[in-house]
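Student: Okay, here's the structure, questions in a sec.
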Amino acid sequence: MKILIVAKDNKPFGISPFIKDHIKSLQSKKIHVDVLSVEGSHVFDYIRHAAKVNRFLKKNKVDLIHAFFVYSGMTAIFQKKVPVLITFIGSDFNRRELRILSKISICQKAEKCIFVSDQMASLYKNDTKKKVICFGIDFNRFYPMEKNIARKYLGWKPGKKIILFASTFHRPEKNARLAFDAMSELNDSSIELVEFKKEYKPEEINFLYNASDLLLMTSRFEGSPQVVKEAMACNLPIVSTDVGDVKQVVGKCDGAFITSNNSHDVADKIRNALTCGENLKLRERIVSLKLDLESITEKIINVYLQVLS
């Protein structure tokens with residue numbers, strides 16, 4: 001089986017780490033994978049890259065194209081040689097304008113549409129085409145470690161309580177304003193809110209989770225946020241709004257708190273989360289749900305086989 005992955009190039013680090021994990025896992029199953037990375041900030045940038053796909057297909061044998069994110073799907077569908085599979089990651093299909101674009105173009109031409117949560121899948125009514133499969137977690141990359149070791153690696157000073165915001169502050173859908181308001185409610189100089197900057201290298205992320213005392217997600221919408229599952233793999237306490245599949249994934253685990261969009265409630269949940277003990281079982285929860293990378297890869301391969309049968 002020969003798969004062509006089409007995904008966004010997030011310069012300077014290339015395609016997203018969770019897609020790289022997926023590729024490595026496929027390769028471990030002896031599946032041949034080629035990657036076509038595309039870049040741009042608008043749908044027309046990705047349509048322009050469709051010529052790259054056609055040139056690649058003229059020179060290389062490909063059984064199936066797997067595109068990630070709506071715009072990469074636009075790049076992939078402008079050819080008729082091989083079937084296309086699209087994975088919607090959350091920040092695309094959850095937006096009304098991109099969902100409309102997807103339904104009238106990509107979903108029509110794709111053989112299968114993968115959604116990372118039940119909530120997203122409910123927005124698409126074609127049951128014969130849709131599958132619900134989130135991204136898996138590489139437990140060899142994300143695991144608990146001593147906080148003082150992680151902080152020393154990052155150059156953080158000991159003593160402060162660190163709340164790791166689940167994204168960069170400037171993305172409107174991540175609703176950083178709610179996090180800032182909750183920090184004002186706390187009014188505690190010993191607690192610091194840290195931005196999950198894009199500049200962190202993939203090899204630094206496990207240290208980032210383990211150096212923190214809490215992961216805070218205040219998003220307005222999500223798919224199946226990888227950051228929550230990665231934090232759980234590190235046994236990091238979590239406070240999150242009820243978005244995507246977060247409530248479903250965390251279940252009733254100690255150390256995981258679902259909050260409303262009220263800053264008072266967020267602040268209260270943060271106080272509770274910061275007093276959690278160390279014997280949390282968030283990692284065990286991820287394991288029990290079979291959200292490990294290998295299990296998820298097997299599900300994806302089964303979809304590949306269905307498309308090609």
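Readers should treat all values here as calculations from the given coordinates under stated rules, not as data from a laboratory. Here the structure is a predicted model, which is why all the values come from computation and not from measurement. A quick note on method: Cβ atoms are made from the backbone with ideal geometry, for glycine too, and the neighbour counts reach across all protein chains shown.
Student: About its Cα centre, how strong a charge dipole does the chain have in debye, to the nearest 20, once Lys and Arg get +1 and Asp and Glu get -1 at the Cβ?
Tutor: That gives the chain a dipole magnitude of about 1360 debye.
Student: Could you tell me which residue out of S28, S41, I5 lies farthest along the dipole of the stretch 4-47 toward its positive end? Charges go on the beta carbon: Lys and Arg +1, Asp and Glu -1, centred on the Cα centre.
Tutor: S28
Student: Go ahead and set up a Gaussian network model of the chain, Cα springs under 10 Å, then flag whichever of G223, G155, G255 fluctuates most.
Tutor: Highest fluctuation of the listed residues: G155.
Student: Nearest 10 degrees is fine. How inclined is helix 17-28 to the longest principal axis of the chain, computing both from alpha carbons?
Tutor: Once rounded, the angle reads 60 degrees.
Student: Something else: Whole-Hz Karplus ³J(HN,Hα) for the stretch 295-308, in order, using 6.51 cos²θ - 1.76 cosθ + 1.60 and θ = phi - 60°, x for Gly and Pro?
Tutor: Karplus-based 3J(HN,Hα) across the stretch 295-308 equals 5, 5, 4, 4, 5, 5, 4, 4, 5, 3, 5, 5, 5, 8 Hz.
Student: Which of I149, S212, A176 sits closest to the plus end of the dipole of the stretch 147-288, meaning its Cα is farthest towards the positive end, when Lys and Arg get +1 and Asp and Glu get -1 on the C-beta?
Tutor: I149
Student: Another question about this same structure. Under a crude label model (7 Å from the Cα following the beta-carbon direction), how far is R220 from R271 in nanometres?
Tutor: Result for the modelled spin labels: 2.9 nm.
Student: What does the extension gain come out to for E39 and S260, with contour length at 0.36 nm per residue minus their alpha carbon separation?
Tutor: Stretched out fully, the E39 to S260 stretch lengthens by 76.0 nm.
Student: Mind checking the angle between helix 263-274 and the chain's longest principal axis? C-alpha axes, 0 to 90 degrees, to the nearest 10.
Tutor: The two axes meet at around 80 degrees.
Student: Please give the helix 50-59 orientation as an angle from the longest Cα principal axis of the chain, in degrees from 0 to 90, rounded to the nearest 10.
Tutor: Between helix and principal axis, roughly 60 degrees.
Student: Can I ask one more? Counting other Cβ atoms within 10 Å of each Cβ, which trypsin sites (Lys or Arg not before Pro) in the stretch 233-307 have at most 11 and sit in a DSSP loop?
Tutor: Here the trypsin sites (Lys or Arg not before Pro) that fit, given the DSSP loop and packing criteria, are K252.
Student: Among I286, F115, S102, whose Cα projects farthest towards the positive end of the dipole of the chain, with charges put on the beta-carbon of Lys, Arg (+1) and Asp, Glu (-1)?
Tutor: Value computed over the given set: S102.
Student: I'd like the Karplus ³J(HN,Hα) series for the stretch 102-112: coefficients 6.51, -1.76, 1.60, θ = phi - 60°, whole numbers in Hz, and an x wherever there's a Gly or Pro.
Tutor: Taking θ as phi minus 60°, the curve returns 5, 5, 8, 10, 5, 4, 5, 9, 6, 6, 9 Hz for the stretch 102-112.
Student: Check K2: other-chain or 5+ apart residues with amide H under 5 Å from its amide H, H built from backbone geometry?
Tutor: Excluding prolines and chain starts, which carry no amide H, the hits are D63, L64.
Student: Distance from a point 7 Å along Cα→Cβ of I104 to each backbone N in the stretch 47-84: keep the residues under 20 Å and list them by number.
Tutor: 47-48, 70-79
Student: What is the set of long-range amide H partners of E222 at a cut-off below 5 Å, with H atoms built 1.01 Å from backbone N?
Tutor: G244
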